[in-house]
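Just so it is clear, none of the values below were taken in a lab; they were calculated from the coordinates. Everything numeric in this text was worked out from a predicted model, so none of it was measured. No Cβ is skipped: glycine too gets one built from the backbone with ideal geometry, and neighbour counts run over all protein chains shown.
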Amino acid sequence: MYLQSTLTVARNLLGKFIVRKWRNQNIMGKIVETEAYIGPKDKASHAFRGKITKRNTAEYMTGGHIYIYLVYGMYWQLNISTNIKGKPECVLIRALEPIFPKRPKVIPNGPGKLCKFLKLNKSFYGEDLTKSKRIWLATSISSRQASSKRRENRGDRIKKSEIVVKKRIGIDYAGEWAKKPWRFYLKGNQFVSKK
DNA sequence: GTACAGATTGAG
DNA sequence: TCAATCTGTACT
């Protein structure tokens, strides 16, 4: 799943569910927006030119690990490493559609707010999504909590025509790379970030 | 030790 | 349009 090319994974993640166990309840959201970062060639990647720092080592991990870091001193960014060990590629999760709670205080319609919604912080750095007991991915949701929207919650049924491809956000400094169409989101979904 | 950028956000 | 806010990194 996570070992394929980053662009493929970024696409495949759309419509999947993130489940986060927190205080005896499962916070859930459907992924509606992702971006691909493909180092070392990608200037917008933290691993541009193969740079290895303390901050970005998780990006080099084998697919399925969490790469989380702080930007602007305030906001966490949730990434999932992709491809094999040693390839600094990852997918940034930019927005979720809240499933539970359905009307959260913080709406996860942006990468910073998404981490607030899921109660994520540095303690998740390098977490293995395939093994973790506190956060994992699901392709569909069978829980009662999501039953009212069961029809929309078929995470594995995203059609190609429902995916919009655009250039990435907030990386104008990356020149040519900023124009790459490596941002994916679900057409018409109200929780996709703006700008 | 200091300087400074930064994959954002919400208020104005 | 713009400032808040702070960690990691690259310097001295």
For segment A:35-81, what does the convex hull of the Cα positions come to per residue, in cubic angstrom? 79 Å³
For segment A:1-40, what does the convex hull of the Cα positions come to per residue, in cubic angstrom? 89 Å³
Under 5 Å between amide hydrogens, which residues at least 5 positions from A:ARG94 or on another chain qualify, with H placed 1.01 Å from N in the peptide plane? A:GLU33, A:THR34, A:GLU35
Please state the Cα pair-distance histogram of segment A:8-109 with 5 angstrom bins from zero: what percent is in each bin? 3, 13, 20, 24, 18, 13, 7, 3, 0
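Full extension from A:LYS187 to A:ILE163: what is 0.36 nm times the residue separation minus their Cα-Cα distance, to one decimal in nm?
Between A:LYS187 and A:ILE163, full extension yields an extra 8.1 nm.
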Please give the calculated 222 nm ellipticity per residue for chain A, where each DSSP H segment of at least 4 residues contributes -39500 (n - 2.57) and the sum is spread over every residue; nearest 500 deg cm²/dmol? -2000 deg cm²/dmol
Provide, as a two-decimal number, the C-alpha radius of gyration of segment A:6-186 over 2.2 N^0.38 Å, N being how many residues it has. 0.99
Per-residue HN-Hα couplings for segment A:78-87, Karplus 6.51 cos²θ - 1.76 cosθ + 1.60 at θ = phi - 60°, whole Hz, x for Gly and Pro? 9, 10, 10, 5, 10, 6, 6, 4, x, 9
How big is the dipole moment of chain A about its Cα centre under a simple scheme where the beta carbon of each Lys and Arg is +1, that of each Asp and Glu is -1, and everything else is neutral? Debye, nearest 20, please. 540 debye
If you line up the Cα atoms of segment A:89-140 on their principal axes, what length do they span on each, largest first, in Å? 29, 23, 20
Scaled by the rule-of-thumb 2.2 N^0.38 Å, the alpha carbon Rg for segment A:76-116 gives a ratio of 1.41
Of the peptides A:177-189, A:86-98, A:42-54, how do they stack up when ordered by the mean number of other Cβ atoms within 10 Å, highest first? A:86-98, A:177-189, A:42-54
Taking 0.36 nm per intervening residue step and subtracting the Cα-Cα distance, what contour gain separates A:THR53 from A:GLN4 on full extension? 15.2 nm
